[in-house]
């Protein structure tokens with residue numbers, strides 16, 4: 001399903017699964033309906049199969065889509081929010097760079113909003129808040145260059161710096177291996193949880209590969 005771009009110019013995207021994702025609940029519902037139909041008759045099988053399919057599709061339709069939004073003061077990715085004032089460098093990652101960033105070059109402290117069933121590309125957002133234990137966010141998106149540009153523009157507008165050149169997915173903008181941007185040395189890890197993602201109990205709580 002295509003994402004949306006509001007008239008205000010602020011970035012907004014909804015990550016929906018690819019079409020094959022929806023085959024899983026329908027296949028399960030069909031198998032359940034066949035089992036009930038064999039045991040209790042065709043009527044019961046159709047009733048159970050259709051009811052199960054409807055309930056699963058409604059639940060997944062409400063729970064699975066992930067919203068990405070760049071507002072006037074905050075970046076929202078799923079349930080988490082990051083104030084723009086704490087955003088450092090932003091990198092748009094192509095599919096290969098995103099794969100390395102979430103595997104061989106991954107930092108276990110990173111905050112992950114990964115929806116690889118929706119998109120193989122991503123953005124890497126440096127967190128410059130020394131009280132936040134997450135050095136960066138890694139967020140799936142179908143339009144990494146647009147999202148990175150929107151984040152930089154909104155951050156600069158929030159801080160009064162004006163517009164900067166649009167970001168690039170050129171590996172020279174950061175590590176060629178897709179490693180996280182090198183920010184200032186991290187201070188002592190706070191005793192409390194993530195500052196901007198209070199629902200997190202462990203790194204990668206938002207990861208749904």
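Throughout, read-outs are computed from the coordinates displayed, never taken from laboratory work. What you are looking at is a predicted structure, and each value in this text was computed from that prediction instead of being measured. Neighbour counts run over all protein chains shown; Cβ positions are idealised from the backbone, glycine included.
How many nm separate the modelled label positions at residue 31 and residue 105, each set 7 Å beyond the Cα in the direction of the Cβ?
In this crude label model, residue 31 to residue 105 measures out at 3.9 nm.
Under a crude label model (7 Å from the Cα following the beta-carbon direction), how far is residue 50 from residue 18 in nanometres?
3.2
Neighbouring Cβ atoms within 10 Å as the yardstick, rank 14, 125 fewest first. Mind dumping the intermediate values first?
Working: 14 15, 125 29.
By the 10 Å Cβ count, ascending: 14, 125.
What's the FRET efficiency of residue 156 with residue 69 using the Cβ-Cβ distance as r and R₀ = 22 Å, to the nearest 0.05?
On the way: r = 18 Å, r/R0 = 0.81.
Given R0 = 22 Å and the Cβ-Cβ separation, E is 0.80.
With the contact rule set at Cα under 8 Å and sequence spacing of 6 or more, what percent relative contact order holds for region 1-121?
Numbers: 125 pairs, mean separation 29.6, N = 121.
Contact order relative to length: 24 percent.
Among 16, 117, rank each residue by its count of other Cβ atoms within 10 Å, from fewest to most, as a rough exposure measure.
Numbers: 16 20, 117 16.
Fewest-to-most Cβ neighbours within 10 Å comes out as 117, 16.
Please express the shape of region 9-99 as an equivalent ellipsoid: the semi-axes are the square roots of 5 times the eigenvalues of the C-alpha gyration tensor, given largest first in whole angstrom.
Sorted largest first and rounded, they come to 42, 15, 8 Å.
Tell me, 128, 87, 58 in order of fewest to most beta-carbon neighbours within 10 Å? Please list the in-between numbers first.
On the way: 128 14, 87 25, 58 11.
Arranged by neighbour count, lowest to highest, 128, 87, 58 become 58, 128, 87.
Looking at region 17-63, I'd like the Rg to Rh ratio, where Rg is from alpha-carbon atoms and Rh is Kirkwood's inverse mean 1/r.
Details: Rg = 11.3 Å, Rh = 10.7 Å.
Rounded to two decimals, Rg/Rh equals 1.06.
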